[in-house]
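A short write-up of the structure that comes next.
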Amino acid sequence: MSQSVNLYQISKKNFEEFSNNHESFDFNFSENNSSIFDQNFEGLLYLFSTYYDQQLPESLEKLFFPKDFIGKDIDFNEIDFDNIEDFPESTSISFINPTTISEVNTFLHTIENDKILASYNADDFNLNNIYPGVWHNDESEDQAFNKRHLAEGLQLLKETISQASNNENYILFFGN
């Protein structure tokens, strides 16, 4: 997983334009269509995995591991790593469609934040190398990588999915 993940909402009309011309599509990132999970998306995934005893419900699988993409994916089996000059970059962008978003939204509404956050254990996160590997229990406002940081991410995730569902948008995934 990436250090940060950006869930970018895009309308059906713009998605069609993007899918036809993804290499030159002009993204208009704003706080209204772009939700950035700064170093806690992998933590949210692990929190859900822990809560569900390592058996993510299908809706969450679709959210955290989208299978659909636009562009060209890299086939790592085709790369001769012993003779590589430049590491190839993927030009693919993963996405989830409005039907899946609606399904995920319905599922997320059944989750009580307090119950899932009770699964947080800083030592467990660190032992399992959950990025960034510096999780702790200091809940001060000026601290990240704690239960509060995950609670903020969980709330942002629910709001983003709900907004995308209400607007029947697609969500594109950008990571860095």
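The values are calculated or read from the model by the stated rules, or taken from the named source; none is laboratory data. These numbers were taken from a predicted model, which means no experiment stands behind them. Counting neighbours? That spans all protein chains shown, and the Cβs are built from the backbone with ideal geometry, glycine included. Please note that ligands, DNA and RNA were not included when accessible areas were found on the heavy atoms of the full protein model with its side chains. Shrake-Rupley method; radii C 1.70, N 1.55, O 1.52, S 1.80 Å.
Over the chain, what is the relative contact order in percent, taking alpha-carbon pairs closer than 8 angstrom and at least six residues apart?
39 percent
Just to verify a number: FRET efficiency for GLN3 and THR106, C-beta to C-beta distance, R0 = 22 Å, to 0.05?
Efficiency computed from Cβ-Cβ geometry: 0.15.
Gain in length, ASP80 to HIS136, computed as 0.36 nm per residue apart minus the alpha-carbon separation, to one decimal in nm?
In short, 16.1 nm is gained.
Provide the per residue accessible area, probe 1.4 Å, for the chain, rounded to a whole number of square angstrom.
59 Å²
Once the convex hull of the alpha carbons of region 18-79 is built, what does its volume come to per residue, in cubic angstrom?
Per-residue hull volume (Cα only) is 164 Å³.
Rg to Rh for region 105-155: what is it, with Cα atoms only and Rh by Kirkwood?
Rg/Rh for region 105-155 comes to 1.00.
Is the shape of region 80-176 rounded, prolate or oblate, going by the alpha carbon gyration tensor and its root eigenvalues a ≥ b ≥ c, with a/c under 1.5 for rounded and a/b larger than b/c for prolate?
Oblate.
Counting pairs of alpha carbon atoms under 8 Å apart in space and at least six apart in sequence, what relative contact order in percent does region 82-176 give?
46 percent
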